[in-house]
């Protein structure tokens, strides 16, 4: 009887400790979010996101250059990595056996484990040294290298979920295999593919380390891909380690802006994947496109 | 549906397929070449340092760029110490909350806690660094370190004064950053445990704690180890938050309050302001070492996790 009592107490203590463990996640995160909002919110005004920074020491000014720079570099990076990533993923899911496919799969997996700062150095060697200057292009390539493995693997996993009988039915109708792949399998899954891509983009949005010595940063509005370009994370870093109080406050507002940006991307990904389940949504949307396509190119 | 018919192109369908396959293969080769190129470019950059410094690079304990002395040991020490401390803090919390979420707590609460974990996972490193610099470091200096000193001051780990930034602060932030990774992988692994096994343990009269220990933790033990190693892999390569919080001082010291430096943080801090070409090259050599360490740990972790996670979840690991 005494032993049972002991076991019950042990059980009680164990369950209690386990239940408390989630508090260690919730409490620091809540402190962080409250701190972030209370410090960043009053600085997050319209002029903050539409004005250029003022010279050091002057009050006011905004970070529109960094916001636009982030969007510009991210779209350039997506432009590079989405086609390559999707084609790589298609290759893995449709022709996923053999030496080449296995090599690709393992190297994509290894690349997800490479620290982002190492990718930054690689891009520095590849782009910045030959071009002899920091550039937006180098930043975009660094980010696209970070996004690439995620896109490849998520594409592969999503396409593999397509039921076998759909492929077989299409092939039995005499449709060439590449058309089965691109016009039935990829097209039918396009909304879920976008979810994976948007999640990869949101992961890349907050990356700072690879941008430090590729896109570098500046204090004015630039749209040239050959010049250094400011991005939100790097701007936050520069402001955070500066001694000026005005800049430190702006770092908090910038951080809040960055979080909001990432949150919007994540919510978009959720909405897309929740709205259009495979087999229902895409059909409706693509009926229109299909009509257009059938009359023109095919 | 005419676009699906095969007759619009001049080429025969099987030839079209061949072209498509070779196109895809080409892209696969390009991606692999990029990754191999990454390695070669890194080695190429680091080669002068390896050649000039030789073995002293790996066993040197001093890093004085202005005098041309480069030893990697302080950074290896800083990297491993912060990462292990982070695992030591984050491991029990993550495993316990994975147990709590998958076995004990009601579904509604689980989805609520899960939301928190997902938010935590999506916060970028730089924001952790910002928060650490303005909240955690002062808290460490004014509250935590006096407490630790007065109670555990006799230990060599808690010697010296705390400036706020230092090894312990960086480890705490790292722990917070790797909690979501470990928790979500542990949950995936615990999902695989068959329900019958748990029911059998309960039917034999085990308490819930004994059931969890016998039917959930022991069969997924090596999977949990793999999850911890994946967390370790993430912690090793983490740059920005650590660079802002560790104090950047390439010295080996036993005290956890002392400022130190990690491999990733020294690259981030010194690369764009390197004083000589040998300095740049030495930093690339540090990157090569970091690359191989994280490669090794990731491969080990993946091998362990893959054996336990169900097929459809592999990509997340």
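Given the -39500 (n - 2.57) contribution per DSSP H run of 4+ residues, what per-residue ellipticity at 222 nm results for chain B, rounded to the nearest 500 deg cm²/dmol?
Details: 13 runs with 204 residues, N = 317.
It comes out at -21500 deg cm²/dmol, rounded to the nearest 500.
Based only on other Cβ atoms within 10 Å, what is the fewest-to-most ordering of A:50, A:112? Kindly include the intermediate steps, with their values, before the conclusion.
On the way: A:50 11, A:112 17.
Ascending Cβ contact count within 10 Å gives the list A:50, A:112.
Report the Cα centroid-to-centroid distance between segment A:72-105 and segment B:205-224 in angstrom, as an integer.
Here the answer is 40 Å between Cα centres.
Rounded, prolate or oblate: pick one for segment B:207-306, where a ≥ b ≥ c are the square roots of the eigenvalues of its C-alpha gyration tensor, a/c under 1.5 means rounded, and failing that, prolate if a/b is larger than b/c, else oblate.
prolate
Partner chain Cβ atoms within 10 Å, averaged over the residues of B:290-300 - can you pull that number for me?
Per residue, the average neighbour count from other chains is 3.
To the nearest Å, what is the center-to-center distance of segment B:51-112 and segment A:173-191, using C-alpha atoms only?
Taking the Cα centre of each part, segment B:51-112 and segment A:173-191 sit 45 Å apart.
Roughly how many Å is it from the Cα centre of segment B:243-283 to that of segment A:127-143, as a whole number?
Using only Cα atoms to place each centre, the spacing works out to 24 Å.
Say we join alpha carbon atoms closer than 10 Å with springs in a Gaussian network model of chain A; which of A:93, A:242, A:21 then has the biggest fluctuation?
So, out of A:93, A:242, A:21, the one fluctuating most is A:21.
Pairs of Cα atoms under 8 Å, at least six residues apart: use those to get the relative contact order of segment B:74-316, whole percent.
Averaging sequence separation for qualifying contacts and normalising by length gives 31 percent for segment B:74-316.
Can you give the FRET efficiency for residue A:194 and residue A:71, using 1/(1 + (r/R0)^6), R0 = 22 Å, r = Cβ-Cβ distance, to the nearest 0.05?
0.80
With the crude spin-label approximation of a point 7 Å out along Cα→Cβ, what separation in nm comes out for residue B:51 versus residue A:38?
Between residue B:51 and residue A:38, the label points sit 5.8 nm apart.
Kindly identify segment B:101-159 as rounded, prolate or oblate by the Cα gyration tensor criterion: order the square roots of the eigenvalues as a ≥ b ≥ c, call it rounded if a/c is under 1.5, otherwise compare a/b with b/c, prolate if a/b is larger, else oblate.
Oblate is the answer for segment B:101-159, as a/c is 1.5 or above yet b/c matches or exceeds a/b.
Sticking to Cα atoms, compute the Rg of segment B:74-316 to one decimal and its Dmax as the biggest Cα-Cα distance, whole number, in Å.
20.0, 70
By how many nm would the segment from residue B:22 to residue B:213 grow when fully extended, if each residue of separation counts as 0.36 nm and the alpha-carbon distance is taken off? Please report the intermediate quantities before stating the final value.
On the way: separation 191, 0.36 × 191 = 68.76 nm, distance 5.19 nm.
Difference between extended and current length: 63.6 nm.
Arrange the following residues from fewest to most other Cβ atoms within 10 Å of their Cβ: A:111, B:225, A:131. Mind showing how you got there, number by number?
Working: A:111 21, B:225 16, A:131 12.
Arranged by neighbour count, lowest to highest, A:111, B:225, A:131 become A:131, B:225, A:111.
From the P(r) of the protein assembly as shown, can you give the percent of Cα pairs sitting at distances over 31 Å?
So the portion of pairs separated by more than 31 Å is 55 percent.
Any idea what diffusion coefficient segment A:64-295 gets from Stokes-Einstein, in µm²/s, Kirkwood Rh on alpha carbon pairs, 4 °C, 1.567 mPa s?
67 µm²/s
Compute a Gaussian network model of chain A, connecting alpha carbons closer than 10 Å, and tell me which residue from A:121, A:31, A:49 fluctuates the most.
Most flexible of the set in this elastic network: A:31.
Just how many % of Cα pairs in segment A:80-158 lie over 18 Å apart, if you round to the nearest whole percent? It would help to have the intermediate numbers written out before the result.
Numbers: 1374 of 3081 pairs.
Every Cα pair in segment A:80-158 considered, those over 18 Å come to 45 percent.
Within a 10 angstrom radius of each residue's Cβ in A:233-240, how many Cβ atoms of other chains show up on average? Whole number is fine.
Counting Cβ atoms of other protein chains within 10 Å of each residue's Cβ and averaging gives 4.
Springs between alpha-carbon atoms under 10 Å, Gaussian network over chain A: tell me which of A:211, A:161, A:20 tops the mean-square fluctuations.
Maximum among the listed residues: A:20.
For residue B:15, put the label point 7 Å out on the Cα→Cβ axis and report which residues of segment A:174-204 keep their amide N under 20 Å from it.
A:174-180
Using 0.36 nm per residue of separation minus the Cα-Cα distance, give me the extension gain between residue B:115 and residue B:84 in nm, one decimal.
Details: separation 31, 0.36 × 31 = 11.16 nm, distance 2.68 nm.
Additional length available on full extension: 8.5 nm.
Let me check I have the definition right: for segment B:135-204, take the eigenvalues of the Cα gyration tensor, multiply each by 5, take square roots. What are those semi-axes in whole Å, largest first?
They are 41, 16, 9 Å, listed from largest to smallest.
So what's the back-of-envelope 222 nm ellipticity for chain A, counting only DSSP H runs of four-plus at -39500 (n - 2.57) apiece and dividing by all residues, rounded to 500?
Helix-only estimate at 222 nm: -23000 deg cm²/dmol.
Note down the relative contact order for chain A as a percent, whole number, built from C-alpha pairs under 8 angstrom at least six residues apart.
Computed value for chain A: 25 percent relative contact order.
For the pair residue A:17/residue B:104, report the inter-label distance in nm, with labels modelled 7 Å from Cα in the Cβ direction.
The modelled label-to-label distance comes out at 1.1 nm.
Among A:90, B:36, B:242, what is the fewest-to-most ranking by other Cβ atoms within 10 Å? Walk me through the intermediate numbers first.
Numbers: A:90 25, B:36 12, B:242 35.
The order, fewest Cβ neighbours first, is B:36, A:90, B:242.
Other chains near A:23-34: what is the mean number of their Cβ atoms within 10 Å of each residue's Cβ?
That average works out to 6.
The numbers here are math on the coordinates, done by the rules we state, and not lab data. Since the structure is predicted, the reported quantities are computational estimates derived from the model, not experimental observations. Don't worry about glycine lacking a Cβ; one is built from the backbone with ideal geometry, like all the others, and counts go over all protein chains shown.
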